[in-house]
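The values are calculated or read from the model by the stated rules, or taken from the named source; none is laboratory data. Fair warning: this is a prediction, and the values are worked out from it, not measured in the lab. Methodologically, a virtual Cβ is constructed for each residue, glycine included, from the backbone with ideal geometry; neighbour enumeration extends over all protein chains shown.
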Amino acid sequence: MDDLAQLTAGAAAKLLREGRITSVELVEACLERVAAREPEVGAWHYLDREHALGQARAADDAHKAGRPEGPLHGIPIGIKDIFDTRDMPTENGCALYQGRTPRFDATAVSLLREAGAVILGKTVTAELAYFAPGKTRNPHDPARTPGGSSSGSAAAVAAGMVPLALGSQTAGSTIRPASFCGIYGYKPSHGLISRSGMLQLSRALDHVGLFARSIDDIALFGEALMRFDADDADMRLAAPPPLRRVAAEAPPVEPSLAFVKTPLWDQTEPVLREAFSELVEALGARVETVALPEAFAEAWPAHKTIMEADMAHNLRREFERGRERLSPVMQAAIERGRAVSAKDYLAALDLAAALEGEIAEITFAYDAILTPAAPGPAPAGLGATGNPAFATLWTLTGVPAVTMPLLADANGMPIGAQLVSRRGDDARLLRNARWVVETVAASGE
C-alpha cells in the first residue's frame, strides 16, 4: 500500500480511471505514509482520517455508478491553511484565528472538489503566510527548515504523504520551499488562479502556488484551477492556457535560455554557484548569460514597500485587536507598512510594471530565463524559513515561474533551478521546463 503513496497524481489518476486501484486504497496509503512520517516532519495542521476516507468512498461510488469524473477524481490533495474550507478549520497559522471554520470554500478549493479531488487535510503555514515559521521540518533533514510560508504543503509532497498540495506566494512562499524540499513548485502568472477565499496579504503580489512531483502533475493541477472568478478582481475573462497539451509536446526547436544571476548573485552559496556552473554546461550552447538592466536593483526594496504597506492595510484588524499575540517579525512588518507614503507605494507599483516590460523583452529574445530558486540548500535551524530573494523579483512582476529539483549538495540536500517566462506564457514555460529536465537527465549530470 505504501507504494501507492509514491505515485504521481497523473499515474494515480490513470489507475483510478482504469479501475486498477480505488480512491480508498490510495488515500489509505497516503494516510499510512502520514502516520509514518508526520511525527518527524510535522506537515499537517488539520487532518481527519475518517473524513478523508469518506470523501474517497464517495469518489469510488461515483466511479462505480459511471458518473462523470473530473481530472483529479479520487486524488488526495493537501491545502495550505490559508484557504477557506467549509468542512475543516482555517486558522491561517495564527492564534487570532484559532477555532475558525468558514461557511464556504475558497474558489480554489471548490474547483478542486469539482475536479474530484479528496481534500486530505490542511497543511502548516507560517503565521499569516509571512515569516514566523510553524512546526514543519525538512523531510530530507529534520534539523533544517522546509522553507515557507507554504512549509507544510511542500514537506507533505516531498515526504510522500500526498501527490499534490496547494500553497501561495507573496514573496517566495512556493518556489523557495519547493527548492528546499526537492519537488516541483509552480507560481502561475498573476491573475490566472483565483485567490477568492484565500488570506489576502497583498492584492498586487499574492499568487496561488502549486506543489507536485512532476511537470505533468503541475500541468494537471494547474488546469483544474484556471477558471475565471469574478470575485478576484485581477482575473480576466479569457480562455485559460492549455497547460497539459503544451507541456506534453516537444518544443518545435530547442529552447534558448537566458541565464540570469540577478543583482543578488553574491548572496548565493559556493555550492549553488558550482551546481549552476555544471547545469549550464549540461544544457550547452542553448544557454547564454544575460545581465539585467540597472533598474532591476530597485526591485527588492519596491517589493518590500508594496508588501508591507498592503499587509498593514489588510491585517489592520488583527494588528488592532491582537497585536500582542502576533510574532515580533509580523508586528515589525506591519509597523513599517503603516509608515509607507502614498508616493513611495505608487512609485513601487510603477517600477513593478516597468520591470515586467523589461522581462518581456528578455523573453522575446530568449524562450525562458534560467535562475536560482534560492541561495542554496535549506539552511540549518528551524527559527526562520530561509531567504526568499531569488523568487521575489518574479513575484513582484507577476510573471510565471517553476522550480525543478535538478541539483543537490554533497549531502544530498536539494537545490532548485528556476525557470521564468513572460506573463501569460505559462504553458510554454512548462514545456520548456520539461525540456530542461529531460536534457539534464540525458546528460547524466
Practice prompt. For segment 52-67, indicate whether the set of residues that are touching a residue at least 40 places away in the same chain (Cβ under 8 Å), in the same structural domain as Ala155 (by TED's automatic domain parsing) and not in a helix (DSSP H, G or I) is non-empty.
Written response: no
Discussion item. Quick check on Asp234: is it surrounded by fewer than 24 Cβ atoms within 10 Å (Cβ to Cβ) and either touching a Phe, Trp or Tyr at 6+ places or on another chain (Cβ under 8 Å) or not in a loop (DSSP other than H, G, I, E, B) (or both)?
Written reply: no
Item to complete: Give the number of residues within segment 273-298 that are of a type in the set (A, V, I, L, M, F, W, C), touching a helix residue (DSSP H, G or I) at 6+ places or on another chain (Cβ under 8 Å) and part of a helix (DSSP H, G or I).
Response: 5
Worksheet item: Quick check: anything in segment 160-180 over 13 Å from the mean Cα position of the chain (by Cα), of a type in the set (Val, Ile, Thr) and surrounded by 24 or more Cβ atoms within 10 Å (Cβ to Cβ)?
Response: yes
Worksheet item: In this structure, is Leu26 aliphatic (A, V, I, L, M), surrounded by fewer than 24 Cβ atoms within 10 Å (Cβ to Cβ) and assigned by TED's automatic domain parsing to the domain that holds Leu164?
Response: no
Fill in: Selection count where residues are among the polar types (S, T, N, Q) and part of a loop (DSSP other than H, G, I, E, B), scope segment 409-442
2
Discussion item. Only one of Thr136, Thr145, Thr123 is touching an Asp or Glu at 6+ places or on another chain (Cβ under 7 Å) and buried (at least 24 other Cβ atoms within 10 Å of the Cβ). Can you tell me which?
Written reply: Thr123
Worksheet item: Given Thr101, Thr85, which one is touching a helix residue (DSSP H, G or I) at 6+ places or on another chain (Cβ under 6 Å), without any contact (Cβ under 8 Å) to a residue 40 or more places away in the chain and either assigned to a loop (DSSP other than H, G, I, E, B) or not assigned by TED's automatic domain parsing to the domain that holds Ala165 (or both)?
Response: Thr85
Fill in: Any pair with Cβ under 7 angstrom, 6 or more apart, that starts in segment 275-293 at a residue that is closer than 13 Å to Lys261 by Cα and surrounded by 14 or more Cβ atoms within 10 Å (Cβ to Cβ) and ends at one that is hydroxyl-bearing (Ser, Thr, Tyr) and at pLDDT below 95
none
